[in-house]
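A quick write-up on the structure given underneath.
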Amino acid sequence: MKIGARTFKTGLAVFLALAIPSLLNISEGVPLAGISAVVSMQPSVKKSFQTLKDRLLANIIGGVVAVLTVLALGNSYFMIGLASAILIAILHQFKLNNVIVSSIITLIIIMMSTDYPIVMSASIRVLGTIIGVFSAFVVNGVVLPPKYDEKLFYLNNQVTDDLMRFIRASLRKNIQYPMMRKDLKSLKASISKMNLYLDHLVDGDLRKYFRSSEYSLARTIVVYRQFIRTTEKAYDLVQTLHQAENVYNHFPQELRHLLIERLETLMSAHEQIILKWNGRVLPEEVNFITHKATLRKSFMDSFFNEANLESYLENEYGQSNAVIHIMSSVLDYEESLQHLNKLVSSYKKNHNEEDDKIIDLH
């Protein structure tokens, strides 16, 4: 059993949400404060702030609807249902669908309470809700704020290592086809998780609200986005080698050696770019990715000549196309690495400079 940062912060937010109303002697608002703290804990600071605004508005509207309904029509079960329907329609009109449930809970509790006059009861419970939402927002933004850049970096390293092992195994014809299909699904899920971490990184860092680090964060996000794109290209290459396994196995020895040599160069470059981003390789290093013109021409000519063999041009050109797909996947991976190397080098050379200019890394 693992207690992560978010679990700890949720518990802390609930404690604060329950304790504050008690200290303010409004114990009637304690349950709603605790509930609001739980449902308001979000994976990023920006989403917590958006939830804060939405829940404040939604619960105030819910309190007003509850008070008006009780004063005008009473608090029978039918009227509670009618008020709930009216509140849903109002929140839908204000595009607050994401907070309908908590607002309805507030309305029901207010309308069913009999310990205070309805206006006072509504005020206490809406205040309790506000305390819970604020508790979640403050805890999420101040206590152990999410470090999605670190999570993204380590997950990217793990996925990249797996992809490189699969590329090397595919090139040496050591891969088991059924297990490879399962592993590819797992890697695809990991890449989706990387994209989710990137979205949280864009949403979840308060640094972008401070000018001194705004552009530094923007450059960081650009680099991480390209890291993910490069990993996706490596994944596409593995998938292409997997699908064209039969075609690759019939390559002549010279073409296989040419492909292995080129991919080993690219994978070594990928590893060193990661080390460069991590500060273990100098920014000006990793300059051996690009083919010399003669080697690039030889690489492409070898694949085109292979694709033009009569033995490949049978069965509606499927095998011939597979040869070209392998070559294009390698070139896509190479181009993505070149761009990633450029971005990382530029970032490492400029990230300590004052951000009085916007450095375009696209």
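Filter region 236-258 down to the residues that are part of a helix (DSSP H, G or I), closer than 27 Å to ALA189 by Cα and of a type in the set (A, V, I, L, M) and list them by number. Give the derivation first.
Restricting attention to region 236-258, the residues satisfying the condition of being part of a helix (DSSP H, G or I) are 236-243, 245-249, 253-258.
Filter once more, so that each one left must be closer than 27 Å to ALA189 by Cα: 236-243, 245-246, 248.
LEU237, VAL238, LEU241, listed by residue number.
Being open to solvent by 50 Å² or more (accessible area, probe 1.4 Å), more than 19 Å from ARG168 (Cα to Cα) and at pLDDT 85 or above narrows it down to one of LEU275, LEU282, LEU313, LEU309, so name that one. First the steps, then the outcome.
Details: LEU282 fails: at pLDDT 85 or above; LEU313 fails: at pLDDT 85 or above; LEU309 fails: at pLDDT 85 or above.
Of LEU275, LEU282, LEU313, LEU309, the one residue that is open to solvent by 50 Å² or more (accessible area, probe 1.4 Å), more than 19 Å from ARG168 (Cα to Cα) and at pLDDT 85 or above is LEU275.
Specify which of the listed residues (VAL159, VAL133) is modelled with pLDDT under 90, assigned to a helix (DSSP H, G or I) and either open to solvent by less than 30 Å² (accessible area, probe 1.4 Å) or touching a Lys or Arg at 6+ places or on another chain (Cβ under 7 Å) (or both).
Values: VAL159 fails: modelled with pLDDT under 90.
None of the others qualify; the one that does is VAL133.
Could you look through region 13-53, keep only residues that are among the polar types (S, T, N, Q) and under 20 Å from TYR197 (Cβ atoms), and pick out the one that is modelled with the lowest pLDDT? Before you say what the answer is, go through the steps one by one.
Just the residues of region 13-53 that are among the polar types (S, T, N, Q), to begin with: 22, 25, 27, 36, 40, 42, 44, 48, 50-51.
Adding the requirement that they be under 20 Å from TYR197 (Cβ atoms) leaves 42, 44, 48, 50-51.
Details: GLN42: 77, SER44: 69, SER48: 72, GLN50: 76, THR51: 79.
Filtering first and then ranking leaves SER44.
Taking region 1-12 as the region of interest, how many residues are aliphatic (A, V, I, L, M) and modelled with pLDDT of 90 or more? Walk me through how you get there before you give the answer.
Here is the first cut: in region 1-12, the ones aliphatic (A, V, I, L, M) are 1, 3, 5, 12.
Now restrict to residues that are modelled with pLDDT of 90 or more: 12.
Of the residues in that region, 1 qualify.
Yes or no: region 339-346 includes at least one residue that is of a type in the set (D, E, K, R) and either modelled with pLDDT of 85 or more or in contact with a strand residue (DSSP E or B) (Cβ under 7 Å, 6 or more places away or on another chain) (or both).
Just the residues of region 339-346 that are of a type in the set (D, E, K, R), to begin with: 342.
If we keep only those that are either modelled with pLDDT of 85 or more or in contact with a strand residue (DSSP E or B) (Cβ under 7 Å, 6 or more places away or on another chain) (or both) too, we end up with 342.
Yes - at least one qualifying residue is present in region 339-346.
Which number in (1) touching a residue at least 40 places away in the same chain (Cβ under 8 Å); (2) assigned to a helix (DSSP H, G or I); (3) among the aliphatic types (A, V, I, L, M) marks the one condition that MET120 misses?
It is condition (1) that MET120 fails.
What's the number of the condition ALA58 fails, among (1) of a type in the set (A, V, I, L, M); (2) in contact with a helix residue (DSSP H, G or I) (Cβ under 9 Å, 6 or more places away or on another chain); (3) free of Cβ contacts under 8 Å to residues at least 12 places away in the same chain?
With respect to (1) of a type in the set (A, V, I, L, M); (2) in contact with a helix residue (DSSP H, G or I) (Cβ under 9 Å, 6 or more places away or on another chain); (3) free of Cβ contacts under 8 Å to residues at least 12 places away in the same chain, ALA58 is out only on (3).
When you go through SER27, SER76, SER40, SER123 one by one, which is the residue that is closer than 21 Å to PHE15 by Cβ and out of contact with any Ser or Thr (no Cβ under 9 Å at 6 or more places or on another chain)? Spell out how you get there, then give the answer.
Details: SER76 fails: closer than 21 Å to PHE15 by Cβ; SER40 fails: out of contact with any Ser or Thr (no Cβ under 9 Å at 6 or more places or on another chain); SER123 fails: closer than 21 Å to PHE15 by Cβ.
SER27 is the lone residue from the list that is closer than 21 Å to PHE15 by Cβ and out of contact with any Ser or Thr (no Cβ under 9 Å at 6 or more places or on another chain).
Any chance region 163-173 includes a residue that's within 20 Å of LEU18 (Cβ to Cβ), part of a helix (DSSP H, G or I), open to solvent by 60 Å² or more (accessible area, probe 1.4 Å) and in contact (Cβ under 8 Å) with a residue 60 or more places away in the chain?
Residues of region 163-173 within 20 Å of LEU18 (Cβ to Cβ): none.
No: zero hits.
Among the residues of region 16-54, which ones are touching a Leu at 6+ places or on another chain (Cβ under 9 Å) and charged (D, E, K, R)?
LYS46, ASP54
Would you list the helices (runs of 4 or more DSSP H) that sit entirely within region 5-102 and hold 2 or more residues that are open to solvent by 80 Å² or more (accessible area, probe 1.4 Å) and under 18 Å from ALA136 (Cα atoms)?
Details: elements: 5-23, 30-40, 45-73, 77-93.
Of the helices (runs of 4 or more DSSP H) lying wholly inside region 5-102, those with at least 2 residues that are open to solvent by 80 Å² or more (accessible area, probe 1.4 Å) and under 18 Å from ALA136 (Cα atoms) span 5-23, 45-73.
Suppose we filter ILE124, ILE88 for residues that are over 28 Å from the mean Cα position of the chain (by Cα), closer than 18 Å to ALA37 by Cα and modelled with pLDDT of 85 or more; which single one remains? Outline the logic, then answer.
Values: ILE88 fails: closer than 18 Å to ALA37 by Cα.
When all the criteria are applied, what remains is ILE124.
The values are calculated or read from the model by the stated rules, or taken from the named source; none is laboratory data. If you're wondering where the values come from, they're calculated on a predicted model, not measured in any experiment. So basically every Cβ, Gly included, is an ideal-geometry build from the backbone, and we count neighbours across all protein chains shown. Each accessible area value is taken on the protein alone, full model and side chains, heavy atoms only, with ligands, DNA and RNA left out. Shrake-Rupley method; radii C 1.70, N 1.55, O 1.52, S 1.80 Å.
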